[in-house]
């Protein structure tokens, strides 16, 4: 039973991981090939645009002003460490629930998607621009969305375990 459960977890993990990475990279390729940097067009007026920007930093521009060499080494190193830790945890947590598997798969897929950009371009392609009036949320991408959703699911899993 344990081997079958583990196999099911790895299948679910992969079913989430691979399509999210592919979707993230495809959308970034599409934006990069069809739009010029800083081009924008409305999808839902007053709420949502597709706006092509590149983020040399992390979330909310963290370390965007640091030297490119430092940023590259820092972000690639931190991402590789996170990937290794997530994979280790997935392999070692065979008794944990599927919610944890899904959350870690989403976080990992987002980390890999943004890592690919950092290795290829030295920065991350962002294009989802949500706003109300003149107040804009920082632009983001599919990988960022996967990380955020995965983090929320991970928090839910932690609360669920705490209540048991």
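We did not get these values from a lab; they are worked out from the coordinates using the rules stated. Note that the structure is a prediction, hence the values are computed from the model and not measured. Note: ideal-geometry Cβ built from the backbone for every residue, glycine included; neighbour counts use all protein chains shown.
With all pairs of separate Cα atoms included, region 117-164 yields a Kirkwood hydrodynamic radius of 13.1 Å.
Between the helical axis of 2-34 and the longest alpha-carbon principal axis of the chain there is an angle of about 10 degrees. Between the Cα long axis of helix 142-162 and the first principal axis of the chain there is an angle of about 40°, rounded to the nearest 10. Among 151, 111, 69, the largest mean-square fluctuation in a Gaussian network model of the chain (Cα springs under 10 Å) belongs to 69. Using the beta-carbon distance between residue 12 and residue 77 and R0 = 22 Å, what value does 1/(1 + (r/R0)^6) give for FRET efficiency, to the nearest 0.05? The value I calculate is 0.15. Note that region 68-116 shows a convex hull volume over its alpha carbon atoms of 53 Å³ per residue. A simple spin-label model places the labels of residue 151 and residue 5 3.0 nm from each other, with each point 7 Å out along Cα-to-Cβ. Comparing mean-square fluctuations of 93, 148, 14 from a GNM of the chain with C-alpha springs under 10 Å, the top value falls on 93. Over the residues of the chain, the helix contribution to mean residue ellipticity at 222 nm works out to -22500 deg cm²/dmol, using -39500 (n - 2.57) for each DSSP H run of at least 4.
For the chain, the longest principal axis of the Cα atoms and the long axis of helix 68-92 meet at an angle of about 20 degrees. Taking 1.567 mPa s as the viscosity and 4 °C as the temperature, the Stokes-Einstein diffusion coefficient of region 2-162 based on its alpha-carbon Kirkwood radius rounds to 77 µm²/s. Counting other Cβ atoms within 10 Å as a rough exposure proxy, the listed residues 106, 153, 87 run 87, 153, 106 from fewest neighbours to most. Using r as the Cβ-Cβ distance of residue 91 and residue 37, and R0 as 45 Å, what FRET efficiency do you calculate, to the nearest 0.05? The calculated FRET efficiency here is 0.65. Calculate the FRET efficiency for residue 69 and residue 137 from the Cβ-Cβ distance with a Förster distance of 22 Å, rounded to the nearest 0.05. Between residue 69 and residue 137 the formula returns 0.15.
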